[in-house]
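Here the structure comes first, spelled out in structure tokens, and everything after it is commentary.
Throughout, read-outs are computed from the coordinates displayed, never taken from laboratory work. This one's a predicted model, so the numbers in the text were calculated from it and none came from an experiment. Every residue, glycine as well, gets a Cβ built from its backbone with ideal geometry; the counts of neighbours run over all protein chains shown.
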Amino acid sequence: MAEKTTTAAAAGAPRLLDLTIDNITPNTIAINSQSSNARLTYLMSRLVTHLHDFARETRLSNEEWMAAIGFLIGCGQICSDVRNEFILLSDVLGLSLLVDNINHPKPPVGTEGSVLGPFHTHDAPVLPNGSSMTSDPAGEPMLAICTVKDTHGNPISGVKIDIWETDSSGHYDVQHTDRDEPSERCVMESDDQGRFWFQGLKPVSYPIPHNGPVGKLLQMLNRHCWRPAHVHFMFSKDGWDKLITALYLRGDPYETSDAVFGVKQSLIIDLDKVDKETADKYGVQEGSWLLKHDFVLTTQEETEKLKDQLAVEALQKLGLRMKLVDHLPVPDLD
């Protein structure tokens, strides 16, 4: 049965003869255009077009192409349950931020997104508000007091919030070989007034993993591997657009040269110090660091409407005749 199916598919496929530098692209697109999935067909068409144009424009050599294949193989070989080199590659190429910006546009009042990074895990403990998520005695204590609101200023309760950061040495817990439980990470939920608060550490600058293929690439490009000090946040609740973001400390030496392009002006913050009244209220030490921030989420409907609007505008500028299906563009053949 499999052989007959294959033979039938081959019989109906476009004929591929006398392929050259000039005609390989339309022939590849033609044979990739037999799927009933219009979006897949469009994605493959544009991928092949840009890849082939890249090879033609650069006159890509066999040695360079094999080096690129070896690089990708190396990325796969170093990946593990706690390290994803391909996410890191996407990050340092600016692609992660670009894809997030396209898919999660924000109105002026909404909190902007940032990169997820390769060190988010799914084993963070669920902690009640006010808990400490760190076990590092060497770090500088920090109290974070935050709110989650909608674009009209109303509090949003029941939002799941993933929070994670490095320890005082600039390492995430999964980077330690003796890790036996999560640390410097937790999951919380906003209360009926949209509030959540926790105890962590004043974040520090740190290098992204640079002992693999991505690190070697950065060296070859004469780029540093450092990220400015920050804390990661991820917000999720049904009916609301998922927000992956981070807050960055103002004045960090890598504020304007983040290795993974995650910093945005609206996400740069200043830390204060905990006064006596706040220390007594939250049960922390007076004089420790204080992070205060109000996060603003957008509804799924708000985001999809803005995403569609921006997509139509961008496609029109490119002179493309497209239509949106499930908020994604496909060729308009009608």
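Say we join alpha carbon atoms closer than 10 Å with springs in a Gaussian network model of the chain; which of Leu217, Leu297, Leu267 then has the biggest fluctuation?
Leu217
Using θ = phi - 60° and the Karplus curve 6.51 cos²θ - 1.76 cosθ + 1.60, what whole-Hz ³J(HN,Hα) does each residue of segment 202-216 get, with Gly and Pro shown as x?
4, x, 10, 5, 7, x, 5, x, 10, 9, x, x, 5, x, 5
Give me the distance in nm between label points sitting 7 Å out from Cα along the Cα-to-Cβ direction at Thr121 and Leu333, one decimal.
That separation, rounded to one decimal, is 4.8 nm.
Could you list which residues have their amide H under 5 Å from that of Lys323, counting only those 5 or more apart in sequence or on another chain, with H placed in the peptide plane?
Those lying under 5 Å, H to H, from Lys323 are Val330, Asp332.
Please list 219-226, 166-173 highest first by mean number of surrounding beta-carbon atoms within 10 Å per residue.
Result, highest mean first: 166-173, 219-226.
Most exposed first by the Cβ proxy, i.e. fewest other Cβ within 10 Å, how do Ile269, Ile244 rank?
Ile269, Ile244
Mind giving me the FRET efficiency for Leu315 and Leu19? R0 is 25 Å, r the Cβ-Cβ distance, nearest 0.05 is fine.
After rounding to 0.05, the efficiency reads 0.25.
How many nm is it between the label spots at Asp81 and Asn222, if each spot is 7 Å from the Cα in line with the beta carbon?
Result for the modelled spin labels: 4.3 nm.
Suppose R0 equals 35 Å. What FRET efficiency, 1/(1 + (r/R0)^6) with r the Cβ-Cβ distance, do Phe54 and Ile31 give to the nearest 0.05?
Rounded to the nearest 0.05, the efficiency is 0.95.
Taking only Cα atoms, what is the 0 to 90° angle, nearest 10, from helix 300-317's long axis to the longest principal axis of the chain?
40
For Lys317, give me every one of the lysines with a C-alpha distance below 26 angstrom, ignoring sequence neighbours fewer than eight places off in its own chain.
Here the lysines satisfying the reach criterion relative to Lys317 are Lys106, Lys264, Lys305, Lys307.
Considering only the chain, what is the antiparallel percent among its DSSP beta bridges, to the nearest 5?
Of all bridge pairs located within the chain, approximately 75 percent are antiparallel.
Decide, for segment 85-298, between rounded, prolate and oblate: order the square roots of the alpha carbon gyration tensor eigenvalues as a ≥ b ≥ c, take rounded if a/c falls under 1.5, and otherwise choose prolate if a/b is larger than b/c, else oblate.
Cα axes put segment 85-298 in the oblate bin.
Taking the number of other C-beta atoms within 10 Å as the exposure measure, put His210, His230 in order starting with the fewest.
The order, fewest Cβ neighbours first, is His210, His230.
How much length is gained if the chain between Lys292 and Lys305 is pulled fully straight, taking 0.36 nm per residue apart and subtracting their Cα-Cα distance, in nm to one decimal?
The Lys292-Lys305 span can extend by a further 1.6 nm.
Taking the number of other C-beta atoms within 10 Å as the exposure measure, put Thr177, Thr299 in order starting with the fewest.
Thr177, Thr299
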